[in-house]
Amino acid sequence: MNKSTEIDESIEIGDSEVIIRIVISPVNVSGNRIKMNIFQPPRGTQDVSCLRTELLTESECLSKGKEIASKRANSELHGFALLTKHCILSSEATVEDSRDPPNFYGHADIKMGIFNHTSEKMPLGFEEQELLDSIKEKLMSHSLFIEFKTKTIKQKNGDVNLTDCEKNELLHNYAERLEKVF
């Protein structure tokens, strides 16, 4: 039975639950690097959409990633960034279940704590931008990246190494399970 067809009304995200941020090419990729914009909230929000692995199977996460990427012109699913709630909290952000419409069962939001203004004419202030960049950098350093085309698991993004964390083994174990479906 698929996780999404099981009766599971768990809203609480556990400290060790693996959270997936979808990486779309070319918008989130530059050469062989994942760009920090994968953690940039869209205008008018503070939320970054993610997938919950406790509610969706590996195959369902992959299908949802492809579906989301296909909605963008000239884009494709490049891979996933894997984090845990523990990693997100360590990065000074939070994560919450957000399955209610217009979202879907298995959807979560990383709450950055900084509202991205709705207009380019009203950019973030210097201190807000510095804080948002700091949170994004920490999230990047806590992320284990999986690239589908090259079938690689990256502990390093450019010059940034994966932060040594008690949850790294969980991320690696999940990445190994994902390798079986892509």
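The values are calculated or read from the model by the stated rules, or taken from the named source; none is laboratory data. Since the structure is predicted, the reported quantities are computational estimates derived from the model, not experimental observations. As a convention, Cβ positions derive from the backbone with ideal geometry for all residues, glycine included, and neighbour counts pool all protein chains shown. Ligands, DNA and RNA are stripped out before the accessible areas are found, and what is left, the full protein with its side chains, is counted by its heavy atoms. Shrake-Rupley method; radii C 1.70, N 1.55, O 1.52, S 1.80 Å.
Beyond 26 Å, what share of the Cα-Cα pairs of the chain remains, rounded to the nearest whole percent?
Values: 4261 of 16471 pairs.
In whole percent, the share of Cα-Cα pairs in the chain beyond 26 Å is 26.
For Y105, Y174, what's the largest-to-smallest order of accessible area, 1.4 Å probe? Each step should come with its number before you reach the end.
Values: Y105 60, Y174 5 Å².
Order by accessible area, largest first: Y105, Y174.
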Share of the chain's accessible area from carbon and sulfur, percent, 1.4 Å?
-> 49 percent
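What translational D, rounded to a whole number of µm²/s, comes out for segment 86-156 from Stokes-Einstein when the hydrodynamic radius is the Kirkwood one over Cα pairs, at 25 °C and 0.890 mPa s?
Numbers: Rh = 14.4 Å.
Calculated translational D: 171 µm²/s.
Taking 0.36 nm per intervening residue step and subtracting the Cα-Cα distance, what contour gain separates F104 from Q129 on full extension?
On the way: separation 25, 0.36 × 25 = 9.00 nm, distance 3.00 nm.
Taking 0.36 nm per residue and subtracting the Cα distance, the gain is 6.0 nm.
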1.4 Å probe accessible area per residue over the chain, in Å² | 52 Å²
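Can you give the charge dipole size of the chain about its Cα centre, rounded to the nearest 20 debye, using +1 on the beta carbon of Lys and Arg and -1 on the beta carbon of Asp and Glu? The partial results should precede the final answer.
Working: 23 positive and 30 negative charges, 182 e Å.
Computed about the Cα centre, the dipole is about 880 debye.
Please compare each pair in K66/K180; K85/K151; K85/K149; K64/K167; K111/K149; K66/K151 to a cut-off of 19 Å on the Cα-Cα distance and tell me which ones are over it. Present the calculation step by step, with values, prior to reporting the outcome.
Values: K66/K180 16 Å; K85/K151 25 Å; K85/K149 27 Å; K64/K167 25 Å; K111/K149 30 Å; K66/K151 16 Å.
Distance filter (> 19 Å) returns K85/K151; K85/K149; K64/K167; K111/K149.
Where nothing but the Cβ of Lys and Arg (+1) and of Asp and Glu (-1) is charged, how large is the charge dipole of segment 39-97 around its Cα centre, in debye to the nearest 20?
Taking the Cα centre of segment 39-97 as origin, the dipole is about 240 debye.
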Would you compute the Debye intensity of segment 18-114 from its alpha-carbon atoms alone, equal scatterers and no solvent, and pass along log10 I(q)/I(0) at q = 0.13, 0.16, 0.17 Å⁻¹ to two decimals?
-> -0.42, -0.66, -0.75
Taking Cα pairs closer than 8 Å and at least 6 residues apart, the relative contact order of the chain in percent is 27 percent
With springs connecting C-alpha atoms under 10 Å apart, model the chain as a Gaussian network and identify which of G113, G79, G65 has the largest mean-square fluctuation.
-> G113
